[in-house]
């Protein structure tokens, strides 16, 4: 078999992956506006599970009851639809499926709420949301749960060096991490020691005054110490450098975060391949030096199986996050496993799929969509 490291199994606290390929999370815009699953949503992820991906992390599942147009785990009523989708994937594939659950700061006064404005009541509520959302995830049959501690969401905002709170949730790294630690303790107590819990964090915020590689290796080592079962590394996606807002208070221009931090979160075609691997490598080394073998996941323009194999062989990561390339070609993993890498349809890294997700068209690859339309016309003629 080619790419032996890429297709070697890994055990994450009892969750056994058949390979090291993870479909990294990205908003796909296919859930119903009221937060329920849809046939299109289920089909989208089932197709990618059939493509041989070892694990799929859903593109953000909201646990806050405030209205938000995304898939939700903020109420028991959402569990049955999610369970149906999870059962379908389990019955038809070996792929493990994981929701990335998140809480967010309010969008108010034409801007995102600052971390310094979050009240003690909101902090307590957030811990409740994470615990309840994680329990619903287990009830729906998910194989693990991932806490969203990256980008502009609440855990990331508290952990960031940009956090200027003057209470016990701001200041040094230990204080900035306090909310994440408390959330983890609540979720772990609720789910038990044998249920896998991962987290995604920023390796670099890419904003002035934000966290960098001076801070994040220490953060990751602490997360490994308290017991997270894997750590997924992302970057950017912050709002602080966005140039403005639209009538709904959302940052503009596209991408939705705006600014360089948003651009780095979804690196486009003019950026180097594997652009974030140096960050993951640094963090992984720090975690290993601290004495923990917690699997570390990288992502960001990992285009080919050969590149993924090299990253694993050189010990720069333990899991390979691939998103847009799997959106472009759902069979990326199967083609690699079957030594058909030359047949992989290449992603252009144009980010049109992300734009489509946020404008209501659904986060499909536009190039793939055009190809299907041409093929259909050809057959019809």
From the list 147, 135, exactly one residue is in a helix (DSSP H, G or I), under 21 Å from the mean Cα position of the chain (by Cα) and farther than 18 Å from residue 214 by Cβ. Which is it? 135
May I ask you to list the residues in segment 281-318 that are part of a loop (DSSP other than H, G, I, E, B), free of Cβ contacts under 8 Å to residues at least 40 places away in the same chain and surrounded by 17 or more Cβ atoms within 10 Å (Cβ to Cβ)? 302, 316
Residue in segment 336-347 that is touching a helix residue (DSSP H, G or I) at 6+ places or on another chain (Cβ under 8 Å) and within 26 Å of residue 284 (Cα to Cα) present: yes
Condition (residue is within 20 Å of residue 24 (Cβ to Cβ), more than 15 Å from the chain's Cα centre (by Cα) and crowded, with 16+ Cβ neighbours inside 10 Å) applied to segment 96-106: is it met by at least one residue? no
Selection within segment 270-280 - in contact (Cβ under 8 Å) with a residue 24 or more places away in the chain, out of contact with any strand residue (DSSP E or B) (no Cβ under 8 Å at 6 or more places or on another chain) and more than 15 Å from residue 202 (Cβ to Cβ): 271, 272, 273
If we ask which residues in segment 39-83 are in contact with a helix residue (DSSP H, G or I) (Cβ under 8 Å, 6 or more places away or on another chain) and farther than 29 Å from residue 155 by Cβ, their number turns out to be 4
Those residues that are farther than 16 Å from residue 40 by Cα and either buried (at least 17 other Cβ atoms within 10 Å of the Cβ) or modelled with pLDDT of 95 or more (or both), I need them from segment 352-366; list them, please. 352, 354
Every residue from segment 367-381 that is farther than 23 Å from residue 300 by Cβ and either in contact with a helix residue (DSSP H, G or I) (Cβ under 9 Å, 6 or more places away or on another chain) or surrounded by 13 or more Cβ atoms within 10 Å (Cβ to Cβ) (or both): 369
With respect to residue 15, determine if the residue is within 19 Å of the chain's Cα centre (by Cα), over 26 Å from residue 265 (Cα atoms), touching a residue at least 60 places away in the same chain (Cβ under 8 Å) and buried (at least 17 other Cβ atoms within 10 Å of the Cβ). yes
When residue 373 is evaluated against the numbered criteria (1) more than 26 Å from residue 276 (Cα to Cα); (2) within 18 Å of the chain's Cα centre (by Cα); (3) without any contact (Cβ under 8 Å) to a residue 40 or more places away in the chain, which criterion, by number, is the only one it fails? (2)
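Would you check if there is a residue in segment 104-115 being farther than 21 Å from residue 17 by Cβ, at pLDDT 90 or above and out of contact with any strand residue (DSSP E or B) (no Cβ under 9 Å at 6 or more places or on another chain)? First the steps, then the outcome.
Filtering segment 104-115 for residues farther than 21 Å from residue 17 by Cβ gives 104-115.
Now drop any that are not at pLDDT 90 or above, which leaves 115.
From what's left, out of contact with any strand residue (DSSP E or B) (no Cβ under 9 Å at 6 or more places or on another chain): 115.
Yes, segment 104-115 has at least one match.
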For segment 215-244, how many residues meet the condition of being out of contact with any strand residue (DSSP E or B) (no Cβ under 9 Å at 6 or more places or on another chain) and under 23 Å from residue 184 (Cβ atoms)? 7
Working carefully through the options 46, 129, 78, 68, find the one that is modelled with pLDDT under 95 and either closer than 19 Å to residue 147 by Cβ or under 18 Å from the mean Cα position of the chain (by Cα) (or both). 68
Top-ranked residue of segment 229-257 - restricted to ones that are more than 18 Å from residue 115 (Cβ to Cβ), under 20 Å from the mean Cα position of the chain (by Cα) and part of a loop (DSSP other than H, G, I, E, B), ranked as modelled with the lowest pLDDT: 254
Per-region count, segment 327-355, residues in a helix (DSSP H, G or I), under 17 Å from residue 265 (Cα atoms) and within 18 Å of the chain's Cα centre (by Cα): 4
Without any contact (Cβ under 8 Å) to a residue 24 or more places away in the chain and exposed (fewer than 14 other Cβ atoms within 10 Å of the Cβ): does that describe residue 91? yes
Residue ID - surrounded by the fewest Cβ atoms within 10 Å (Cβ to Cβ), chosen from residues in segment 159-169 that are over 21 Å from the mean Cα position of the chain (by Cα) and within 25 Å of residue 132 (Cα to Cα): 168
Any residue at all in segment 188-197 that is buried (at least 24 other Cβ atoms within 10 Å of the Cβ) and in a helix (DSSP H, G or I)? no
Residue 41 being out of contact with any strand residue (DSSP E or B) (no Cβ under 7 Å at 6 or more places or on another chain), surrounded by 21 or more Cβ atoms within 10 Å (Cβ to Cβ), under 16 Å from residue 95 (Cβ atoms) and modelled with pLDDT of 95 or more: yes
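The values are calculated or read from the model by the stated rules, or taken from the named source; none is laboratory data. Every value quoted in this text rests on a predicted model; they were computed, and no experiment measured them. Here Cβ is always computed from backbone atoms with ideal geometry, including for glycine, and neighbour counts include all displayed protein chains.
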